[in-house]
Amino acid sequence: MVNITKHSGIYTLKVEQFLPISLEKAWDFFSSPKNLERITPSHMGFKITSGEPGSMYPGQIISYKVSPLPGIKTSWVTEITHVEDQKFFVDEQRFGPYSMWHHEHHFEIKDNGVLMTDKVSYKIPFGILGHIAQVLFVKKQLAGIFNYRVKVLDEMFKE
């Protein structure tokens, strides 16, 4: 279930998902940027433009093209800022549609699988207009993207 809260003008999205796979398998899949396209809705036109990304490491820059709204393509550049092998990693937007985007990916061994937690803290530009956009469509779109991921991952890694 996707939960979005607001504090000090920053929105926080949180999603927890249990997958019945080993920590190693979860880490191998999620720490590879090339798998992002597989878990992003196709209508968003997500494509990595910075070449085939190798193994993830702190300082890695990854650029994408994405269509947040029909007919509108934008560039998005993120940096992998923190990596603790098989525990968590963080990507932060360096250039893109948000004033701030800080995405934490956490992995925890649970009975017969892994609990994954995504925590995204983000800020929308344009002041009150950004807040209106959040209410009208950004919140719904982000919830849709992460709900799509939950569904796809459940299918990919079902028991």
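Can you list the residues, at least 5 places off or on another chain, whose amide H is less than 5 Å from the amide H of S99, using H built in the peptide plane?
Here K123, I124 satisfy the definition.
Defining a contact as two alpha carbons under 8 Å apart and six or more residues distant in sequence, what relative contact order in percent does the chain show?
On the way: 296 pairs, mean separation 41.4, N = 159.
Computed value for the chain: 26 percent relative contact order.
Would you mind counting up the charge near V2? Only other residues with Cβ under 12 Å from its Cβ, with Lys and Arg at +1 and Asp and Glu at -1. The partial results should precede the final answer.
Values: positive: K14, K119, K139, K140, R149, K151; negative: E16, D118.
Computed value for this residue: +4.
What's the percent breakdown of Cα-Cα distances in the chain across 5 Å bins, shortest bin first?
Answer for the chain: a P(r) of 2, 8, 17, 23, 22, 16, 8, 3, 1, 0 percent.
Helix 139-156 against the longest principal axis of the chain: what's the angle in degrees, Cα atoms only, rounded to the nearest 10?
It works out to around 20 degrees.
With Cβ to Cβ distances under 12 Å as the rule, what net charge do the other residues near V66 carry (K, R +1; D, E -1)?
+2
For the range 1-94, calculate the relative contact order in percent as a whole number, restricting contacts to Cα pairs under 8 Å that are 6 or more residues apart.
On the way: 133 pairs, mean separation 16.5, N = 94.
About 18 percent, as a whole number.
For the range 63-119, what is the convex hull volume of the alpha-carbon atoms per residue, in Å³?
Values: hull volume 5.7 nm³, N = 57.
Considering the Cα atoms of the range 63-119, their hull volume per residue is 100 Å³.
All of the numbers you see were taken from the coordinates with simple rules; none came from a lab. Here the structure is a predicted model, which is why all the values come from computation and not from measurement. Note: ideal-geometry Cβ built from the backbone for every residue, glycine included; neighbour counts use all protein chains shown.
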